[in-house]
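For reference, the structure discussed in these notes is given below.
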Amino acid sequence: MTLEQKKCVPCEGGLDPLSKSEATEFMSQVPGWALSDNGDKIHRRFDFDDFVSSLEFINKLGDVAEAEGHHPDISFGWGYAEITFFTHAISGLHENDFIMAAKTNQLI
């Protein structure tokens, strides 16, 4: 089953975050995403032709995030959107973050 086909599972803490090496293994499944230097977040910048396209992308991502119960940190403006995923409850990465990155890639 690919990451895009998986569903996020509730994560309320009590789990260890993925190690940097474990996170690195997931990276090949989410093209375009980058792992933070300390391995606790993933992020990607998406470029668009105008503000409206950026906003439409963010709204689609918001719908997916609500459906999955896992939400990104978002910065966007004219022609761009920067998306960061990490799991707040464990202060690091969980498989959910990679599931959402894969689902985000499908929106473009």
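Using the scaling law 2.2 N^0.38 Å as the reference, what is the normalised Cα Rg of the chain?
Working: Rg = 13.4 Å, N = 108, 2.2 N^0.38 = 13.0 Å.
That ratio works out to 1.03.
So what is the relative contact order for segment 35-108, in percent, with contacts set as C-alpha pairs under 8 Å and at least six apart?
Relative contact order, segment 35-108: 35 percent.
With θ taken as phi - 60° and the coefficients 6.51, -1.76 and 1.60, list the Karplus ³J(HN,Hα) couplings across segment 96-108 in order, rounded to whole Hz; mark glycine and proline as x.
Rounded to whole hertz, the list is 3, 5, 6, 4, 5, 4, 5, 5, 5, 4, 5, 7, 9.
Between rounded, prolate and oblate, where does segment 69-108 land on the alpha carbon gyration tensor, with a ≥ b ≥ c its root eigenvalues, rounded for a/c under 1.5, else prolate if a/b exceeds b/c?
Because a/c hits 1.5 or more and a/b fails to exceed b/c, segment 69-108 counts as oblate.
If exposed trypsin sites (Lys or Arg not before Pro) are those in a DSSP loop with at most 16 other Cβ within 10 Å, what is the longest stretch of the chain that has none?
So the longest stretch without any such site is 8-108.
Taken together, the values in this text are just the output of simple stated rules run on the coordinates, not laboratory data. As the structure is a computational prediction, the values presented were derived from the model and not from experiment. Cβ atoms come from the backbone with ideal geometry, glycine included; neighbour counts cover every protein chain shown.
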